[in-house]
Amino acid sequence: MIAAPRKLPAPWVLRTFVVLILLLVWEIAGRHGSQLLFSPLSKVLTSGLQIFAEAEVLEALKTTAWILVVGFVLSVAIGLVLGLTVSMSRFTYQTFLPVLLLLYAIPQITVLPLFVLYFGSGPASKVAFGVSHGMFPIAVSVIAGVQGIKPLLVTSAISMGASRWQIFRRITLPYLTPSLFTGMRLASTATLLGVLLAELYVSAGGIGHLTRRFGENFQPDKLYALIAALSLMAILINETMRMLERRYSRWL
Amino acid sequence: MEGEALIKVDDVRHAFLSKTGEEEVLALDGINIDIARGEMVSLIGPSGCGKSTLLNVVGGMIAASQGHVLIGGTPVKGPRPKDVAYIFQESALLPWATILDNIKVSLEFQGVPRASRDKIARISLTAVGLDAFGDSYPHQLSGGMKQRAALARALSLRTDILLMDEPFAALDEQTRMIFSEDLSRLLANEHKTIVLVTHSLAEAVFLSDRIFVFTSRPGRIKAVLNVDEPHPRIPTFMTSSKFNDLRNRLYELLRDEVLAAIGKDRQGLA
Amino acid sequence: MSGASSAGQALTLRLSKSQKRLSLLVKIGVLVALLAIWHLVTVDEFVSPFFLPKPDEVLRVFFNIIVTGQAWPDLKVTLFEFALAGPIAVIAGGAVGFLISLTRYGTRAFEPIVSSVYAIPIIIFYPVSVMALGIGPESKIAHGALFGFFPMCLSTIQGFSRVDPLYIRLAHSTGASKSQLFWRIMLPAAAPTILTGVRLGLMLSFLAIIGGETIASLEGIGHRIVWYAEGMQTGNMFAYIVFVIMVAVLMNTALSFLEIRRGRQ
């Protein structure tokens, strides 16, 4: 389109500037709004951040982090197995992909009470709900990855005498690595969402539960501090996964 | 030549299901070809005449509906990686592996012990003049160099037979000329038996001992042209009157078939 | 043919007629088998009806919901919330996305912010909504609008900023005006991506509302599921879950249809 005039600062300068303005708006609005609902940035940073010294908060962080890791690892494992099973052949693909997509399309939040019914209100239901969110993005990415393999690479390998296992090990697996990392990035966000939903719902420990309690007790500084920390964590995880994704798809 | 043919195509006929899966399409009919050891043969014909299918039947990648192929006297029942190496239209190199690793993986597929893979791979890279590019990735090479790498891979498999499925199709004109010259020189030394599928009249004449001209679908052999010219062939062969006569005859033979093929397509469209 | 080559061809060849038939049979078979297992384990209460109600029981309640319209009061609340939250998400997301994508500079400066925030599970802001707006419909509307905003905004940016420059050059070379450029080139070219954003935005907004109702509410269809769950009325809970899933799937199907039809033009 129209060429940008030369004197504009680099995009990241403007980006940082806008973020700073938003933080300033937060500060000013926080000072003038109801102290029951709002809390200026400065207060969140001073008194709010103190919650991370509280044993209860640390305990909740630890619980959620642990559930998240278990949920994520299980999501990757189950998603990978599901994805590879569906992509095993044209037949399994056409037969089971619709079933998988049908399950994926179910709004999972509606079945959250079922998870609590079956897995109890402890960590098990949180892990399970996290996995139910995380495994589909992995499976779908793996399937898309395998579908993207050039048939000629497989034909060529067969002509050179490759066994099924060799084709899997030398072609399928390396080929789907980038999609697997894309899936893992999406799954990490989805698993976090699932775990937090479960924690908000069952109200038994964890960060999700804590945000709910700070909200109900009208402790905005603590609530905002926790949300800010969680958001930062989510962005950090996402960016790390994005970096890995780029690293493993350099050959694309 | 009877009896000592390395490749014997015996009354092959092949039909496949159309895209809708409802009707059978006859691709090849009544194909008989004997190819002697060390011979270089081209298959040429209009698009869709089944020449690539025949190549895949010879390589054991497709089972013919009828008839059979013998390699060294034994019937082909599947891929024969010890006897046959392929070069495809595209290089079919693994994009995440270096050229050297690509060749090593191919040797692994073929069942060559790990210890000797590196040495074999390097020798064949040197043979095609790519020894400086072993550590490069496919996307760092030009189209011509990638095909050269594919050639190195095929050579490293040390098979008697090389099947080439339009190996120059994706290359630009200058690259194809140089590549054909190199190929002719290399193959004269290696003493391989070669079957080449091509669209290019000049390539067929320049590289082959015999050219099989196919009719439009269903593919039948319409004519066989002999090219009496020793290998390796040099660029001046391309400007000789012998070359031009052969090329023109080939053109006449093909013209009718291509027109017929176009006519069939038009009917199909109407 | 050898096993290896049929494995390779599995990836490239179409299914034959008989394979297609078998594939359909397996699909139906899986569903029938699941229903049969459900029936078998519940018929003699091998699994307690508290954990798994009988399928016919669920079916009965489900039809009851449809016929008597007993879900209507709750559905009305949810749909009201959605009728406000969905359009707010789509319009606000579309507008912000459009403003950002007006210049390439704006896209480069702000797209990373939007895509980073998109990675945050917005659900953690729900306690703020509840704290500020209470557990009535207002907090669901705010939450639904916020949830749907980001996918819509991101899709709009991507739709506009990834228009093939060739089209734009073509328009300039034919002397197209700014409004012609927008209506004739930019919008049609970006439409498929933006429509995906509309579908995602609306669906996520709807699900966020259900989620809000599940977590903290006194009314709405999501709350009804929880209400039955806490009342240990598993049969009713199942029927309502099936009902909500059907509403969501119908909605998604309708939006996908729209997306595919418009996107094809």
TODO: Given the conditions (1) in contact (Cβ under 8 Å) with a residue 40 or more places away in the chain; (2) over 23 Å from the mean Cα position of the chain (by Cα), report the number of the one that A:Ile28 does not fulfil.
DONE: (1)
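Going through B:Leu201, B:Leu186, B:Leu125 one at a time, which residue ends up being of a type outside the set (Gly, Ala, Ser), out of contact with any Cys (no Cβ under 8 Å at 6 or more places or on another chain) and either crowded, with 21+ Cβ neighbours inside 10 Å or within 14 Å of chain A (Cβ to nearest Cβ) (or both)? Can you show your working first?
Numbers: B:Leu201 fails: either crowded, with 21+ Cβ neighbours inside 10 Å or within 14 Å of chain A (Cβ to nearest Cβ) (or both); B:Leu186 fails: either crowded, with 21+ Cβ neighbours inside 10 Å or within 14 Å of chain A (Cβ to nearest Cβ) (or both).
Exactly one of B:Leu201, B:Leu186, B:Leu125 is of a type outside the set (Gly, Ala, Ser), out of contact with any Cys (no Cβ under 8 Å at 6 or more places or on another chain) and either crowded, with 21+ Cβ neighbours inside 10 Å or within 14 Å of chain A (Cβ to nearest Cβ) (or both), namely B:Leu125.
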Task: All positions within region B:216-247 that are in contact with a strand residue (DSSP E or B) (Cβ under 6 Å, 6 or more places away or on another chain) and under 27 Å from B:Val25 (Cα atoms) - done: B:Pro218, B:Gly219, B:Arg220, B:Ile221, B:Lys222, B:Ala223, B:Val224
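Run down A:Phe119, A:Phe136, A:Phe115 and say which single residue is over 27 Å from C:Leu24 (Cβ atoms), more than 9 Å from every other protein chain (Cβ to nearest Cβ), in contact with a helix residue (DSSP H, G or I) (Cβ under 9 Å, 6 or more places away or on another chain) and buried (at least 18 other Cβ atoms within 10 Å of the Cβ).
A:Phe115
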TODO: Determine, yes or no, whether B:Lys146 is surrounded by 17 or more Cβ atoms within 10 Å (Cβ to Cβ), outside the structural domain of B:Pro95 (by TED's automatic domain parsing) and touching a residue at least 24 places away in the same chain (Cβ under 8 Å).
DONE: no
TODO: Give the residue, chosen from A:Leu192, A:Leu180, that is assigned to a helix (DSSP H, G or I), within 8 Å of another protein chain (Cβ to nearest Cβ), touching a helix residue (DSSP H, G or I) at 6+ places or on another chain (Cβ under 8 Å) and not β-branched (Val, Ile, Thr).
DONE: A:Leu192
Open item on the list: Take A:Val18 and tell me if it is outside any loop (DSSP other than H, G, I, E, B), touching a Phe, Trp or Tyr at 6+ places or on another chain (Cβ under 8 Å) and free of Cβ contacts under 8 Å to residues at least 60 places away in the same chain.
Closed with: yes
TODO: Please find, within region B:46-82, the residue that is surrounded by the most Cβ atoms within 10 Å (Cβ to Cβ) out of those that are at positive phi and more than 12 Å from chain A (Cβ to nearest Cβ).
DONE: B:Gly50
Task: Single residue of C:Ala216, C:Ala189 found to be more than 19 Å from the chain's Cα centre (by Cα) and over 30 Å from C:Lys76 (Cβ atoms) - done: C:Ala189
TODO: Take region C:151-168 and flag every residue that is of a type outside the set (A, V, I, L, M, F, W, C) and surrounded by fewer than 11 Cβ atoms within 10 Å (Cβ to Cβ).
DONE: C:Asp164, C:Pro165
Open item on the list: Looking only at region A:200-252, how many residues end up being in contact with a helix residue (DSSP H, G or I) (Cβ under 8 Å, 6 or more places away or on another chain), modelled with pLDDT of 85 or more and among the polar types (S, T, N, Q)?
Closed with: 3
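Let's see how each residue does on (1) within 22 Å of C:Gly93 (Cβ to Cβ); (2) within 9 Å of another protein chain (Cβ to nearest Cβ); (3) free of Cβ contacts under 8 Å to residues at least 40 places away in the same chain; (4) among the small types (Gly, Ala, Ser):
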| site | (1), (2), (3), (4) |
| --- | --- |
| C:Leu187 | yes, no, yes, no |
| C:Thr196 | yes, no, no, no |
| C:Ser205 | yes, no, no, yes |
| C:Ile215 | no, yes, no, no |
| C:Gly222 | no, yes, no, yes |
| C:Glu230 | no, yes, yes, no |
| C:Ile245 | no, yes, yes, no |
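For region A:204-252, which residues satisfy the criterion of being of a type in the set (S, T, N, Q) and assigned to a helix (DSSP H, G or I)? Explain how you work it out, then say what you get.
Of region A:204-252, the ones of a type in the set (S, T, N, Q) are A:211, A:217, A:219, A:231, A:238, A:240, A:249.
Scanning region A:204-252 gives A:Thr211, A:Ser231, A:Asn238, A:Thr240.
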TODO: Tell me which residues, restricted to region B:61-85, are small (Gly, Ala, Ser) and farther than 20 Å from B:Phe212 by Cα.
DONE: B:Ala63, B:Ser65, B:Gly72, B:Gly73, B:Gly78, B:Ala85
TODO: For C:Tyr118, indicate whether it is over 20 Å from A:Ala187 (Cα atoms) and of a type in the set (Ser, Thr, Tyr).
DONE: no
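Do the conditions hold for B:Lys104, that is, is it surrounded by 20 or more Cβ atoms within 10 Å (Cβ to Cβ), modelled with pLDDT of 90 or more, more than 20 Å from B:Pro167 (Cα to Cα) and basic (Lys, Arg)?
On the way: surrounded by 20 or more Cβ atoms within 10 Å (Cβ to Cβ): yes; modelled with pLDDT of 90 or more: yes; more than 20 Å from B:Pro167 (Cα to Cα): yes; basic (Lys, Arg): yes.
Taking the combined requirement at face value, the residue satisfies it.
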- [ ] Restricting attention to region A:46-73, report how many residues are part of a helix (DSSP H, G or I), in contact (Cβ under 8 Å) with a residue 12 or more places away in the chain and small (Gly, Ala, Ser).
- [x] 3
Task: Which numbered condition B:Asn102 misses (of (1) touching a Gly at 6+ places or on another chain (Cβ under 9 Å); (2) closer than 30 Å to B:Asp135 by Cβ; (3) part of a helix (DSSP H, G or I)) - done: (1)
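Let's see how each residue does on (1) over 19 Å from B:Val205 (Cα atoms); (2) buried (at least 17 other Cβ atoms within 10 Å of the Cβ):
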{"position": "B:Val12", "(1), (2)": "yes, yes"}
{"position": "B:Glu24", "(1), (2)": "yes, no"}
{"position": "B:Ile35", "(1), (2)": "no, yes"}
{"position": "B:Gly38", "(1), (2)": "no, no"}
{"position": "B:Leu43", "(1), (2)": "no, yes"}
- [ ] Please work out which one of (1) farther than 21 Å from A:Leu114 by Cβ; (2) surrounded by 21 or more Cβ atoms within 10 Å (Cβ to Cβ); (3) more than 9 Å from every other protein chain (Cβ to nearest Cβ) is the condition A:Arg169 fails and give its number.
- [x] (2)
TODO: Considering only region C:29-74, state which residues are touching a His at 6+ places or on another chain (Cβ under 9 Å) and either assigned by TED's automatic domain parsing to the domain that holds C:Met232 or loosely packed, with under 14 Cβ neighbours inside 10 Å (or both).
DONE: C:Asp56, C:Asp74
Task: Failed condition for A:Leu210, given (1) within 9 Å of chain C (Cβ to nearest Cβ); (2) within 19 Å of A:Gly122 (Cβ to Cβ) - done: (1)
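The values are calculated or read from the model by the stated rules, or taken from the named source; none is laboratory data. Here the structure is a predicted model, which means the values were calculated and not measured. Positions of Cβ are backbone-derived with ideal geometry, glycine not excepted, and every protein chain shown enters the neighbour counts.
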